[in-house]
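The values are calculated or read from the model by the stated rules, or taken from the named source; none is laboratory data. These figures come from a predicted structure and were not determined experimentally. Note that each Cβ is placed from the backbone with ideal geometry, even for glycine, and that neighbours are counted across all protein chains shown. Side chains included, ligands, DNA and RNA excluded: accessible areas come from the protein's heavy atoms. Shrake-Rupley method; radii C 1.70, N 1.55, O 1.52, S 1.80 Å.
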Amino acid sequence: MAPTGQWFGRTFTGLKPGSKQLALTYDDGPNDPHTFRLLEVLARHNVRATFFLIGRYVNRSPDIARELVRAGHAVGNHTFSHPNLIFTSALQTKLQLQACDQALTDAVGEHSRLFRPPFGGRRPSTLRIARALGLEPVMWNITGWDWKRKPAEYVERRVSQQICGGNVILLHDGDHEAFGADRSQTVIATDRLIARYKADGYVFVTVPEMMGKPVVSSQPAVPG
(Lines give C-alpha, C1' and ligand atoms only; values in the text may rest on other atoms or scores of the structure.)
Protein backbone atom coordinates (compact mmCIF):
# COMPACT_ATOMS: atom_id res chain seq x y z
CA MET A 1 0.00 0.00 0.00
CA ALA A 2 3.07 2.29 0.04
CA PRO A 3 2.12 4.88 -2.59
CA THR A 4 5.56 5.33 -4.14
CA GLY A 5 6.72 1.71 -3.85
CA GLN A 6 7.53 0.02 -7.14
CA TRP A 7 8.23 -3.48 -5.81
CA PHE A 8 5.04 -5.00 -7.23
CA GLY A 9 5.16 -3.21 -10.57
CA ARG A 10 5.56 0.21 -12.12
CA THR A 11 3.10 2.95 -11.26
CA PHE A 12 3.15 6.67 -12.01
CA THR A 13 3.86 8.75 -8.90
CA GLY A 14 4.99 12.08 -10.36
CA LEU A 15 8.05 13.71 -11.88
CA LYS A 16 11.54 14.18 -10.54
CA PRO A 17 11.87 16.84 -7.81
CA GLY A 18 12.47 20.31 -9.17
CA SER A 19 9.74 20.33 -11.78
CA LYS A 20 7.42 23.32 -11.57
CA GLN A 21 4.41 21.14 -12.32
CA LEU A 22 1.95 19.98 -9.65
CA ALA A 23 -1.01 17.64 -10.17
CA LEU A 24 -4.03 17.86 -7.88
CA THR A 25 -5.94 14.58 -7.71
CA TYR A 26 -9.21 13.81 -5.95
CA ASP A 27 -10.53 10.39 -4.99
CA ASP A 28 -13.90 8.89 -4.05
CA GLY A 29 -16.25 11.15 -5.99
CA PRO A 30 -18.39 12.25 -7.60
CA ASN A 31 -19.97 13.74 -4.51
CA ASP A 32 -22.80 16.23 -4.08
CA PRO A 33 -22.37 19.10 -3.23
CA HIS A 34 -18.63 19.27 -2.66
CA THR A 35 -17.45 18.16 -6.09
CA PHE A 36 -19.44 21.12 -7.45
CA ARG A 37 -17.86 23.44 -4.85
CA LEU A 38 -14.46 22.18 -5.90
CA LEU A 39 -15.30 22.81 -9.54
CA GLU A 40 -16.05 26.43 -8.67
CA VAL A 41 -12.68 26.88 -6.94
CA LEU A 42 -10.74 25.23 -9.76
CA ALA A 43 -12.54 27.32 -12.37
CA ARG A 44 -11.80 30.53 -10.47
CA HIS A 45 -8.09 29.69 -10.55
CA ASN A 46 -8.22 28.31 -14.12
CA VAL A 47 -6.76 25.00 -12.90
CA ARG A 48 -7.46 21.51 -14.23
CA ALA A 49 -7.28 18.50 -11.93
CA THR A 50 -7.71 14.72 -12.06
CA PHE A 51 -10.62 12.91 -10.43
CA PHE A 52 -10.57 9.19 -9.70
CA LEU A 53 -14.24 8.27 -9.56
CA ILE A 54 -16.10 5.40 -7.91
CA GLY A 55 -18.33 3.68 -10.45
CA ARG A 56 -21.39 3.30 -8.22
CA TYR A 57 -21.32 7.02 -7.48
CA VAL A 58 -20.96 7.79 -11.18
CA ASN A 59 -24.10 5.73 -11.81
CA ARG A 60 -25.85 7.64 -9.06
CA SER A 61 -24.79 11.12 -10.24
CA PRO A 62 -23.64 11.00 -13.88
CA ASP A 63 -24.38 14.72 -14.16
CA ILE A 64 -21.49 15.51 -11.82
CA ALA A 65 -19.11 13.33 -13.83
CA ARG A 66 -20.20 15.12 -16.98
CA GLU A 67 -19.58 18.51 -15.37
CA LEU A 68 -16.03 17.44 -14.52
CA VAL A 69 -15.31 16.49 -18.12
CA ARG A 70 -17.07 19.56 -19.50
CA ALA A 71 -14.77 21.73 -17.38
CA GLY A 72 -11.66 20.06 -18.82
CA HIS A 73 -10.71 17.85 -15.90
CA ALA A 74 -9.44 14.29 -16.32
CA VAL A 75 -11.48 11.45 -14.84
CA GLY A 76 -10.09 8.03 -14.01
CA ASN A 77 -11.08 4.62 -12.71
CA HIS A 78 -11.24 4.10 -8.93
CA THR A 79 -13.13 0.76 -9.12
CA PHE A 80 -16.88 0.30 -8.90
CA SER A 81 -17.34 -0.01 -5.12
CA HIS A 82 -13.90 0.80 -3.61
CA PRO A 83 -12.71 -2.57 -2.27
CA ASN A 84 -9.13 -3.10 -1.11
CA LEU A 85 -7.78 -4.97 -4.12
CA ILE A 86 -5.12 -6.67 -2.02
CA PHE A 87 -7.88 -8.95 -0.79
CA THR A 88 -9.91 -9.46 -3.96
CA SER A 89 -9.57 -12.30 -6.43
CA ALA A 90 -8.35 -11.76 -9.97
CA LEU A 91 -11.91 -12.11 -11.26
CA GLN A 92 -13.30 -9.67 -8.70
CA THR A 93 -10.58 -7.15 -9.52
CA LYS A 94 -11.30 -7.42 -13.23
CA LEU A 95 -15.04 -7.02 -12.69
CA GLN A 96 -14.51 -3.98 -10.45
CA LEU A 97 -12.41 -2.23 -13.07
CA GLN A 98 -14.70 -3.15 -15.95
CA ALA A 99 -17.83 -2.01 -14.10
CA CYS A 100 -16.28 1.35 -13.25
CA ASP A 101 -15.06 1.79 -16.82
CA GLN A 102 -18.56 1.07 -18.09
CA ALA A 103 -20.08 3.57 -15.66
CA LEU A 104 -17.64 6.24 -16.84
CA THR A 105 -18.28 5.44 -20.50
CA ASP A 106 -22.04 5.58 -20.00
CA ALA A 107 -21.75 8.94 -18.21
CA VAL A 108 -19.09 10.82 -20.16
CA GLY A 109 -18.07 8.77 -23.19
CA GLU A 110 -14.33 8.67 -23.87
CA HIS A 111 -12.17 9.30 -20.82
CA SER A 112 -8.64 8.82 -19.59
CA ARG A 113 -7.28 5.29 -19.15
CA LEU A 114 -5.95 6.09 -15.68
CA PHE A 115 -6.58 3.79 -12.72
CA ARG A 116 -5.94 4.35 -9.02
CA PRO A 117 -6.36 1.42 -6.60
CA PRO A 118 -8.48 2.18 -3.52
CA PHE A 119 -6.34 2.73 -0.41
CA GLY A 120 -3.35 2.35 -2.75
CA GLY A 121 -3.70 -1.40 -2.25
CA ARG A 122 -2.30 -3.52 -5.05
CA ARG A 123 -0.50 -6.75 -5.77
CA PRO A 124 1.47 -7.69 -8.90
CA SER A 125 -1.68 -9.32 -10.28
CA THR A 126 -3.66 -6.11 -9.68
CA LEU A 127 -1.37 -4.14 -11.96
CA ARG A 128 -1.25 -6.91 -14.56
CA ILE A 129 -5.05 -7.01 -14.72
CA ALA A 130 -5.28 -3.23 -14.98
CA ARG A 131 -2.79 -3.10 -17.84
CA ALA A 132 -4.50 -5.99 -19.62
CA LEU A 133 -7.63 -3.81 -19.60
CA GLY A 134 -5.70 -0.90 -21.08
CA LEU A 135 -5.43 1.02 -17.80
CA GLU A 136 -2.41 2.97 -16.51
CA PRO A 137 -1.88 2.70 -12.71
CA VAL A 138 -1.42 6.06 -10.97
CA MET A 139 -0.47 6.57 -7.33
CA TRP A 140 0.70 9.73 -5.54
CA ASN A 141 3.67 11.11 -3.60
CA ILE A 142 1.89 13.64 -1.38
CA THR A 143 -1.22 13.21 0.73
CA GLY A 144 -3.10 15.87 2.67
CA TRP A 145 -4.72 13.31 5.00
CA ASP A 146 -8.02 15.04 4.34
CA TRP A 147 -9.87 11.71 4.40
CA LYS A 148 -9.57 11.97 8.20
CA ARG A 149 -11.81 15.07 8.01
CA LYS A 150 -9.03 17.35 9.21
CA PRO A 151 -9.36 21.17 9.15
CA ALA A 152 -8.24 23.00 6.02
CA GLU A 153 -5.24 24.44 7.88
CA TYR A 154 -4.01 20.94 8.70
CA VAL A 155 -4.47 19.72 5.12
CA GLU A 156 -2.67 22.74 3.70
CA ARG A 157 0.21 22.32 6.15
CA ARG A 158 0.64 18.59 5.45
CA VAL A 159 0.75 19.17 1.69
CA SER A 160 3.06 22.17 1.94
CA GLN A 161 5.56 20.24 4.05
CA GLN A 162 6.04 17.78 1.19
CA ILE A 163 6.03 19.92 -1.96
CA CYS A 164 9.25 19.61 -3.96
CA GLY A 165 7.92 19.94 -7.52
CA GLY A 166 6.61 17.29 -9.87
CA ASN A 167 4.22 16.09 -7.18
CA VAL A 168 0.98 14.15 -7.53
CA ILE A 169 -1.15 15.31 -4.60
CA LEU A 170 -3.84 13.07 -3.12
CA LEU A 171 -7.00 14.73 -1.82
CA HIS A 172 -10.65 13.63 -1.64
CA ASP A 173 -13.85 15.18 -2.97
CA GLY A 174 -15.93 12.25 -1.68
CA ASP A 175 -15.93 9.35 0.77
CA HIS A 176 -16.14 5.69 -0.22
CA GLU A 177 -18.28 4.92 2.84
CA ALA A 178 -21.13 7.33 2.07
CA PHE A 179 -22.35 9.62 -0.69
CA GLY A 180 -22.76 13.25 0.38
CA ALA A 181 -19.75 13.33 2.69
CA ASP A 182 -18.63 16.74 3.96
CA ARG A 183 -15.46 17.72 2.08
CA SER A 184 -15.77 21.44 2.68
CA GLN A 185 -12.33 21.59 4.32
CA THR A 186 -10.74 20.02 1.25
CA VAL A 187 -12.37 22.70 -0.90
CA ILE A 188 -10.95 25.45 1.33
CA ALA A 189 -7.51 23.84 1.41
CA THR A 190 -7.51 23.51 -2.39
CA ASP A 191 -8.24 27.22 -2.78
CA ARG A 192 -5.35 28.14 -0.49
CA LEU A 193 -2.86 25.69 -2.00
CA ILE A 194 -3.49 26.85 -5.55
CA ALA A 195 -3.09 30.51 -4.62
CA ARG A 196 0.06 29.80 -2.63
CA TYR A 197 1.88 27.72 -5.22
CA LYS A 198 0.79 29.70 -8.26
CA ALA A 199 2.37 32.69 -6.55
CA ASP A 200 5.57 30.64 -6.25
CA GLY A 201 5.62 29.95 -9.99
CA TYR A 202 4.16 26.45 -10.03
CA VAL A 203 1.80 25.28 -12.77
CA PHE A 204 -1.10 22.94 -11.99
CA VAL A 205 -1.72 20.22 -14.56
CA THR A 206 -3.75 17.05 -14.93
CA VAL A 207 -2.02 13.72 -14.47
CA PRO A 208 -2.27 12.93 -18.20
CA GLU A 209 -0.62 16.27 -18.96
CA MET A 210 2.13 15.51 -16.45
CA MET A 211 2.61 12.16 -18.18
CA GLY A 212 2.67 13.83 -21.60
CA LYS A 213 -0.61 12.23 -22.68
CA PRO A 214 -3.98 13.66 -23.76
CA VAL A 215 -6.57 14.24 -21.04
CA VAL A 216 -9.09 12.16 -22.99
CA SER A 217 -7.72 8.93 -24.38
CA SER A 218 -8.68 7.74 -27.84
CA GLN A 219 -7.52 4.28 -26.79
CA PRO A 220 -10.56 2.07 -26.28
CA ALA A 221 -10.99 -0.17 -23.28
CA VAL A 222 -9.64 -3.66 -23.89
CA PRO A 223 -12.43 -6.23 -23.60
CA GLY A 224 -11.97 -8.77 -20.83
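Each of Met211, Tyr154, Ala195 was scored by the projection of its Cα onto the charge dipole of the range 116-224, and the greatest displacement toward the positive side belongs to Met211; charges sit on the C-beta of Lys, Arg, Asp and Glu. The calculated FRET efficiency for the pair Arg128 and Ala2, based on their C-beta separation and a Förster distance of 25 Å, comes to about 0.85. Inter-label distance, Ala178 to Gln102: 2.9 nm, where each label sits 7 Å from its Cα along the C-beta direction.
Leaving out ligands, DNA and RNA, and with a 1.4 Å probe, what % of the accessible surface on the range 66-125 is carbon or sulfur? Answer for the range 66-125 is 58 percent, counting heavy atoms of protein chains only.
Here Lys148 is the anchor, and the aspartates and glutamates within straight C-alpha reach of less than 13 Å, apart from those fewer than 8 places off in the same chain, are Asp173, Asp175, Glu177, Asp182. Surface exposure of the range 1-123, expressed per residue as accessible area with a 1.4 Å probe, stands at 41 Å².
The peptide list 134-141, 205-212, put in order of mean Cβ contacts within 10 Å with the highest first, becomes 134-141, 205-212. DSSP loop (so not H, G, I, E, B), at most 10 other Cβ within 10 Å: list which chymotrypsin sites (Phe, Trp or Tyr not before Pro) in the range 1-105 pass both filters. Those satisfying the criteria are Trp7. For the chain, a simple Cβ point-charge model (Lys and Arg +1, Asp and Glu -1, everything else neutral) yields a dipole of about 640 debye relative to the Cα centre.
Taking amide H atoms as placed 1.01 Å from N in the peptide plane, the amide H of Ile54 lies under 5 Å from those of Asp28, Gly29, each 5 or more residues away in sequence or on another chain.
Projecting the Cα positions of Leu42, Leu53, Ile142 onto the charge dipole of the chain (unit charges on Cβ atoms of Lys, Arg, Asp and Glu, taken about the Cα centre) puts Ile142 furthest along the positive direction. Using a cut-off of 24 Å between alpha-carbon atoms, which lysines can reach Lys20, once sequence neighbours fewer than 8 places away in the same chain are excluded? Once the sequence-local lysines are set aside, what remains near Lys20 is Lys198, Lys213.
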